[in-house]
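**Q** The structure under discussion is supplied below as structure tokens; questions concerning it will follow.
Nothing in this text is a laboratory measurement; each read-out follows from the coordinates by a stated rule. Just so you know, these numbers come straight off a predicted model, no measurement behind them. Cβ coordinates were reconstructed from backbone atoms using ideal geometry, including for glycine residues, and neighbour counts include every protein chain displayed.
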Amino acid sequence: MMNNEASGEQSGHQDDDTMENTNMTHAKLKVLGNCTMCKSRIEEAAKAVKGVISANWDVNTKMIHLGFDSETTSKNGISKAIARIGHDTELDKAPDDVYNDLPGCCLFER
Ligand SMILES: [Cu+2]
């Protein structure tokens, strides 16, 4: 009997270099703010959005780095959540009354 060793091995090559089984997306968003109190407030608002995994705002660059599940939320959705708590973003403006309620040190220039 011949040893009929058919190679059933398929090419496992994949051009996709992103990780599978995750819709993790990263985005950067400009958010106006002044101090470490702003930082906590902004990051808390971002992390409260369902699907957000990480949020890190830099007081110097005013940029927030976001890690989120793109099936659950979006940069737009997170931006709106941040604007709602008083901080203008590159996409959304905070309501005046919420902005006016921020502590004095947090009243960034609009
Ligand atoms: Cu502040």
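**Q** Return the Rg/Rh value of the stretch 24-106, two decimal places, where both radii are evaluated on C-alpha atoms and Rh is the Kirkwood radius.
**A** Answer for the stretch 24-106: 0.95.
**Q** Also, quick follow-up: May I ask you to derive the FRET efficiency for Leu107 and Lys50 from their Cβ-Cβ distance with R0 = 41 Å, giving the value to the nearest 0.05?
**A** On the way: r = 29 Å, r/R0 = 0.72.
So, using R0 = 41 Å, E works out to roughly 0.90.
**Q** Please sort 97-107, 82-92 by packing, taking for each peptide the average over its residues of neighbouring beta carbons within 10 angstrom, highest first. Write down the numbers at each step before the final one.
**A** Working: 97-107: 13.0, 82-92: 20.3.
For the peptides 97-107, 82-92, the packing ranking is 82-92, 97-107.
**Q** Please work out how much length the chain gains when fully extended from His26 to Asn100, using 0.36 nm per residue of separation minus the C-alpha to C-alpha distance, in nm with one decimal. Please report the intermediate quantities before stating the final value.
**A** On the way: separation 74, 0.36 × 74 = 26.64 nm, distance 3.08 nm.
Contour length minus the Cα-Cα distance gives 23.6 nm.
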